[in-house]
Amino acid sequence: MDTSYYHNFITLVQTGNMTQAAEILHITQPALSKQLKYLEAEFGAQLINIKRGQRGSNLQLTDAGKIFYQKAQQLCSIEESTYNAVQQLNSRIEGTLRIATSASRSTPIVQQYLPAFSMKYPSVHFEIYEGLMTNVVNQLINGNAELGIANIQMVDTDKFDILLTQEEHLYAIFRRDVFWIDREHDTITWDDIKKCPLSLSGGSVRMIMQSSLTDMDQLNAVAITTTKSSAIEWASSGRTVSLVPMDAKELINHRKMARIKLPEFSGDFKKAFITLKGHALSPVAQQFIDFYKAYV
């Protein structure tokens with residue numbers, strides 16, 4: 001069954017732009033436009049309104065288009081799941097696990113899960129795409145990645161399905177031979193920490209700004225970095241106390257470093273594993289999700 005026009009229509013809707021969709025699909029814009037006209041003629045209804053001369057998202061689904069988009073996703077999902085089910089008749093799990101995530105979130109995945117998963121399934125290969133949230137979205141839409149990892153608050157649930165979530169908390173990381181040498185770690189409070197020179201990751205800034213406990217202007221922020229790995233490197237020098245969001249199982253690979261959880265900032269902070277809406281996971285991706293759930 002040839003469902004290429006359906007797949008291309010889904011990509012067109014998800015990108016919201018004819019030019020960008022054509023680039024992702026590696027076809028010309030006139031060819032994609034011709035496919036859209038064919039579908040509209042075939043079903044006897046206009047599916048998309050196109051706003052000419054507008055940058056970014058310039059498409060709007062009609063009522064008929066919304067129905068077609070939903071059914072196209074279901075049809076393509078059935079096709080994918082049928083293919084995957086046939087493939088699973090071969091009990092050997094093999095292929096490529098393709099994940100898009102921020103650099104901060106790729107490190108714990110590589111530390112904690114991928115080595116063990118690789119040992120269990122030695123025929124699986126890995127591709128990790130790192131970048132900001134826009135990069136994660138683009139990698140999923142263009143098919144380079146099958147799984148994405150993102151802050152749950154930044155997930156567009158109209159485009160993506162959430163497969164699982166994991167809580168994150170704000171942690172302070174510091175050199176135990178530099179800060180609070182004569183104190184027990186469980187006696188260190190947020191008031192103690194906010195008096196110190198700090199290195200903040202982008203994620204920690206969002207968590208602090210969403211809290212009513214303090215104002216960013218009141219903090220001695222020596223450095224604000226895109227990734228938490230860079231913020232931690234500042235702390236490893238002994239120059240700062242680093243504030244970063246982490247899950248409970250993440251590791252700090254610095255012998256002299258200490259980590260304490262800041263319960264004041266616990267709440268609805270979660271990372272989510274996502275995939276394109278309606279996408280049927282490949283056997284490799286499904287096996288990894290099941291593997292991850294067993295360890296969380």
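The values are calculated or read from the model by the stated rules, or taken from the named source; none is laboratory data. Source: prediction; values computed, not measured. Please note: Cβ atoms are built from the backbone with ideal geometry, for glycine as well, and neighbour counts cover all protein chains shown. The protein model used for the area step is the full one, side chains on, heavy atoms only, and it has no ligands, DNA or RNA in it. Shrake-Rupley method; radii C 1.70, N 1.55, O 1.52, S 1.80 Å.
It is to be established whether one or more residues within the range 218-227 are of a type in the set (S, T, N, Q), at pLDDT 85 or above, closer than 16 Å to Arg105 by Cα and in the same structural domain as Ala172 (by the TED database).
yes
May I ask you to list the residues in the range 238-289 that are hydroxyl-bearing (Ser, Thr, Tyr) and either surrounded by fewer than 19 Cβ atoms within 10 Å (Cβ to Cβ) or in a strand (DSSP E or B) (or both)?
Listed by number, the residues that qualify are Ser242, Ser266, Thr275.
When you check Phe126 against the structure, is it in a loop (DSSP other than H, G, I, E, B) and open to solvent by 20 Å² or more (accessible area, probe 1.4 Å), yes or no?
So Phe126 does not fit the description; no.
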